[in-house]
Amino acid sequence: MSTISAPGTDARSAEVPDYPMPRAAGCPFDPPPDLYTLQAQAPISRVRLWDGSTPWLVTRYEDIRTLLGDPRISSDSTHPHYPQQSPASSQRRRQSRSFITMDDPEHARLRRMVTATFSIKHVEALRPAIQKIVDGLVDDMLAGPKPVDLVQAFALPVPSLVICRLLGVPYADHGFFQANSRMLIKRTTTPADARAATQRLIDYLDRLIGDKLAHPADDLLSTLAARVRAGELSRREAADMGILLLIAGHETTANMIALGTLTLLQHPDQLARVRESDDPKVIASAVEELLRYLNIVHSGRRRVALEDIGIGGVTIRAGDGVVLANDIGNRDPAGFPDPDRLDIARNPRHHVAFGFGVHQCLGQPLARVELQVVYGTLYRRIPTLRLAVDLDEIPFKHDGLVYGVYELPITW
């Protein structure tokens, strides 16, 4: 459907557009055109999801920030009107529920148990180890055949090696957890397949927690196991937290590495500035701009209203689902001048790629350091890096909850 509901229109008596919306042909880096239209004409309006529900879609930057910081907005995925992302995500949250889909005080109780591991101080201490991982993978690419798929050779291994080290997960199992997590973040996955993949991950993390109870080490799963032993955390809660951190710890960053590289290759002037700079501030600014420009979570932040909320001339009623479209929010000209232009000097630290408020991404310090090391190393060490195929031959993840590319053939 293409009809746009006017603000305040009851979606039950009017046609509404389906969400997520298709991208324009030839514009793989930009949000769908209909989102630009909504942002300009009906910034808070109803959309229709896969299950027929009609939550509010919020598309303006300030409205998104306001609602993400509003305590009357709930992250509780068990609420009957919570806007589920897909049949697979709906099934997964019935089996394995993490603190990101809970409200305080349970959200705060569980989140506090892992906050120290993802603190800026702790993550910065990991920078030399991350640099060693990145350099080693670049060495392997330079010594191997070309062209090479950057996704498999570099973009996936970097964050997978890091999160495995941090959690205490054997990297030898990366094929297993990557295959199952990939199934859970595809919109086309059936509930039955999602149920099976979730159970495999639950069983896997539960076994690891059991190993850490018997043989603790210096890693996050051992820390969680100690909480289990102390009676502060159930074994199932520990396994659920492990699933969240394992999936989030590699999928999002891997997609940002590959898609960010492709984006820079399409903007050679910006790539040159990254490649030729040895200033950490320039690299950090490039990371923030790529996070804003690409914003790979294109399914929106999902919430449900607990009370009536008046915003932008619309009343969101208690019980209404809400989808906060951070991809188009980060392209709002009111928040970012000339938002469709990639400018690594912009340094837009106020973007909402990591969300906002009490539920903003726990792992953002780790993601930032990983991306800074990658973007500051890859193009400097392979200065002639280029695509090995035409742009229209690259398979984009149009079917995913996390946007990116399935393959990125490169050469030099």
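The values are calculated or read from the model by the stated rules, or taken from the named source; none is laboratory data. Since the structure is predicted, the reported quantities are computational estimates derived from the model, not experimental observations. Neighbour counts are summed over all protein chains in view; Cβ atoms, including those assigned to glycine, are modelled from backbone coordinates with ideal geometry. Heads up: the accessible areas ignore ligands, DNA and RNA and are worked out on the full protein's heavy atoms, side chains in. Shrake-Rupley method; radii C 1.70, N 1.55, O 1.52, S 1.80 Å.
Taking every protein chain into account, the 1.4 Å probe leaves T188 with about 90 Å² of accessible area, to the nearest ten. Debye-formula intensities of the chain, expressed as log10 I(q)/I(0) at q = 0.06, 0.07, 0.13, 0.14 Å⁻¹, are -0.24, -0.32, -1.18, -1.36 (one equal scatterer per alpha-carbon, no solvent).
Taken as entire DSSP H runs, the helices of the chain that both span 30 Å or more between Cα atoms along their own long axis and average -0.5 or more on the Kyte-Doolittle scale are 191-214, 235-265. By the rule of a C-alpha distance below 18 Å, with chain neighbours fewer than 8 residues away ignored, the aspartates and glutamates paired with K132 are E124, D140, D278, E370.
Solvent-accessible area of segment 159-315 (1.4 angstrom probe, protein heavy atoms only): carbon and sulfur portion equals 52 percent. In the chain, the DSSP-assigned H stretches of four residues or longer account for a calculated mean residue ellipticity at 222 nm of -14500 deg cm²/dmol, using -39500 (n - 2.57) per stretch and the full residue count as denominator.
The listed peptides 36-48, 140-152, ordered by packing as a protection proxy, come out as 36-48, 140-152 (highest mean of other Cβ atoms within 10 Å first). Positive end of the dipole of the chain, charges at C-beta (+1 Lys, Arg; -1 Asp, Glu), about the Cα centre: which of I100, H350, M21 has its Cα farthest in that direction? Selected residue: I100. For segment 100-178, report the % of Cα-Cα distances exceeding 14 Å. Counting every Cα pair in segment 100-178, those more than 14 Å apart make up 71 percent. With a threshold of 30 Å on the Cα-Cα distance, the over-threshold entries among K146/K281; K186/K281; K121/K397; K146/K397 are K146/K281; K186/K281; K121/K397.
In terms of overall dimensions, segment 284-330 has a Cα radius of gyration and Dmax of 14.2, 40 angstrom. Residues whose amide H lies under 5 Å from that of V405, counting only those 5 or more places away or on a different chain, are L259, K397; hydrogens are built 1.01 Å from N in the peptide plane. The alpha carbons of segment 193-323 stretch over 54, 48, 32 Å along the principal axes, in descending order. Around the Cα centre of the chain, unit charges on the Cβ atoms of Lys, Arg, Asp and Glu (plus for the first two, minus for the last two) sum to a dipole of about 800 debye. Pick from D390, D327, D34 the residue whose mean-square fluctuation is largest in a GNM of the chain, springs joining Cα atoms under 10 Å. The residue that fluctuates most here is D390.
P(r) tail, segment 314-358: Cα-Cα pairs separated by more than 14 Å, 59% of all pairs.
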